[in-house]
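Notes to accompany the following structure.
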Amino acid sequence: MSNIGRAVNRVFTRQVISDLMVTGVNNVFNHVVQKFIDKPECKTVGELITEIYTNIKENGRNEYYYKNTLLNNLICGVHNVNTTTALSQLRISKSIADFVLINGEGKVYEIKSDLDNFDRLESQLRDYYKAFSKVSVIVPECEFDRVNSILSKLTDIGDYVGIYALSSRDTLSRNFRREPMLFMDLLSHECIFKLLRKSEYEKVLIKFFGVTPKVEQVFHFTACFEEFCKIPIETAQILAFSELKLRIKIKESDFKNVQKELRSVVYFSGLSKNISALNAMLQTKYKRI
């Protein structure tokens with residue numbers, strides 16, 4: 001990827017958007033605007049964001065574009081932001097899940113964007129199944145048959161993995177799709193436990209046992225893990241998901257009031273706490289400083 005391509009991708013990060021909200025200035029944003037936008041001084045920051053986002057669509061939809069499209073389709077369309085939580089960059093064993101959706105059950109979506117390859121797909125899927133029971137791959141429509149062929153060679157898990165294709169209209173294709181099926185054979189207490197923060201696994205233990213281990217602080221983590229392993233694996237997973245679901249809270253009215261190109265960075269980066277400042281910034285005219 002070229003330097004300018006990387007710069008375009010970096011526009012949709014917490015640092016850039018936060019800088020624009022606080023000071024109105026960011027060097028990465030200014031660099032991309034001057035490179036790609038004609039007569040930017042005549043446009044608002046929000047209009048420039050839309051043009052940069054369109055540039056990504058036309059020149060190779062990246063991981064952010066896919067993640068943002070998933071969030072818009074699933075949270076605004078299929079599910080409800082009040083009852084569903086999405087998580088991003090969640091470490092599971094040796095892999096990092098691109099997009100996780102928790103709504104009663106947990107689902108992992110591994111994004112293989114227009115710019116990605118499939119080199120690590122098998123190991124990623126196996127890692128995800130150590131903590132989650134439903135896993136899917138998101139690909140461009142043109143890669144649907146290829147990923148289907150790859151999965152057909154994975155005799156133990158391949159039939160269970162879902163496949164969704166992102167169409168040119170930025171919708172999840174109805175013609176190119178395979179729903180995920182429940183697969184629990186690889187679930188690991190350790191991998192589920194390590195999804196949780198200290199306060200979260202303590203709450204799980206209190207819910208199941210009524211108490212947490214009474215040990216010196218230096219032994220607390222190990223003692224909690226040993227107790228967690230005594231919980232039946234399916235119950236442990238459900239209790240863990242109930243805690244993960246509480247990590248992100250945003251009102252539906254606030255979420256829908258965010259410019260659609262920015263919903264992913266706002267949702268996952270905690271910028272939703274000041275939507276009014278965000279929208280005020282987006283409505284200002286661009287000034288090169």
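The values are calculated or read from the model by the stated rules, or taken from the named source; none is laboratory data. All of these numbers come straight from a predicted model, not from anything done at the bench. Cβ coordinates were reconstructed from backbone atoms using ideal geometry, including for glycine residues, and neighbour counts include every protein chain displayed.
Some observations on this one:
- Among the residues of the stretch 232-289, those that are more than 27 Å from residue 107 (Cβ to Cβ) and small (Gly, Ala, Ser) comprise 276, 277, 280.
- The condition (being touching a Phe, Trp or Tyr at 6+ places or on another chain (Cβ under 9 Å), at pLDDT 95 or above and closer than 24 Å to residue 124 by Cα) is satisfied by just one residue among 176, 183, 228: 183.
- Of the criteria (1) outside any helix (DSSP H, G or I); (2) within 25 Å of residue 13 (Cβ to Cβ); (3) touching a residue at least 24 places away in the same chain (Cβ under 8 Å), which one residue 231 fails: (2)
- Enumeration of residues in the stretch 13-36 that are over 18 Å from residue 277 (Cβ atoms), touching a residue at least 40 places away in the same chain (Cβ under 8 Å) and not polar (S, T, N, Q): 33
- Among the conditions (1) over 20 Å from residue 159 (Cα atoms); (2) under 15 Å from the mean Cα position of the chain (by Cα), the only one that residue 115 does not satisfy is (2).
- Criterion (buried (at least 17 other Cβ atoms within 10 Å of the Cβ) and in contact with a Cys (Cβ under 6 Å, 6 or more places away or on another chain)) met by exactly one of 93, 136, 88: 93
- As a summary of the residue check, residue 128 satisfies the conditions (1) buried (at least 19 other Cβ atoms within 10 Å of the Cβ); (2) over 24 Å from residue 261 (Cα atoms); (3) in contact with a Phe, Trp or Tyr (Cβ under 9 Å, 6 or more places away or on another chain); (4) not hydrophobic (A, V, I, L, M, F, W, C) except for the one numbered (3).
- Output for the stretch 203-228, where each listed residue is out of contact with any Leu (no Cβ under 6 Å at 6 or more places or on another chain) and not in a helix (DSSP H, G or I): 210, 211, 213, 214, 215, 216
- Residue within the stretch 140-147 that is of a type in the set (Lys, Arg) and either surrounded by fewer than 17 Cβ atoms within 10 Å (Cβ to Cβ) or modelled with pLDDT under 95 (or both) present: yes
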